[in-house]
Amino acid sequence: MKFLIAFAFVLVSCYITNAQEDVQLVQFTNENNVDGSYNFAYEQSDGQKRQEKGELKQVEGSETPAISVSGSYEFTDPDGSRYRVDYTADERGYRPTVTKL
């Protein structure tokens with residue numbers, strides 16, 4: 001009998017924990033343009049955020065354009081520390097900058 005009570009308690013605890021961890025989409029934007037450029041952003045109820053824009057640009061010495069992407073995202077690590085990563089990705093590679101908030 002004690003086992004059944006303990007098992008029921010564990011099931012209820014798991015259900016409550018999972019219900020608290022449900023993450024909702026708070027804000028969302030998505031634009032795709034005919035010239036190949038785009039812009040999107042979202043924010044979630046747990047504080048995660050991301051925004052990014054991309055555009056085609058001419059690269060010196062090349063006849064074809066390349067995509068240039070810039071953006072940022074924010075997150076909380078398992079220890080509760082908050083971070084923001086700003087980045088650029090283009091013909092020179094991926095260049096992130098991390099800031100602890």
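The residues neighbouring residue 66, those whose beta-carbon lies less than 13 Å from its own, together hold a net charge of -3 under the Lys/Arg +1, Asp/Glu -1 convention.
Were the residues from residue 52 through residue 67 laid out at 0.36 nm apart, the gain over their Cα-Cα distance would be 4.1 nm.
Global dimensions of segment 38-83 from alpha-carbon coordinates: Rg and Dmax equal 15.7, 48 Å. Across segment 24-100, the convex hull enclosing all Cα atoms gives 80 Å³ per residue.
In this calculation the C-beta distance from residue 39 to residue 82 is compared with R0 = 25 Å, giving a FRET efficiency of 0.55. Counting only aspartates and glutamates at least 8 places from residue 53 when in the same chain, those with an alpha carbon closer than 17 Å to its own are 31, 35, 43, 74, 86, 90, 91.
Please state the relative contact order of segment 24-100 as a whole percent: Cα pairs under 8 Å, 6+ residues apart? If you can, show how the numbers build up before the last one.
Values: 161 pairs, mean separation 14.8, N = 77.
Taking the mean separation of contacting Cα pairs over the length of segment 24-100, I get 19 percent.
Of 35, 90, 79, the sequence from fewest to most neighbouring Cβ atoms within 10 angstrom is 79, 35, 90.
Taken together, the values in this text are just the output of simple stated rules run on the coordinates, not laboratory data. Keep in mind it's a predicted model, so treat the numbers as computed, not measured. Counting neighbours? That spans all protein chains shown, and the Cβs are built from the backbone with ideal geometry, glycine included.
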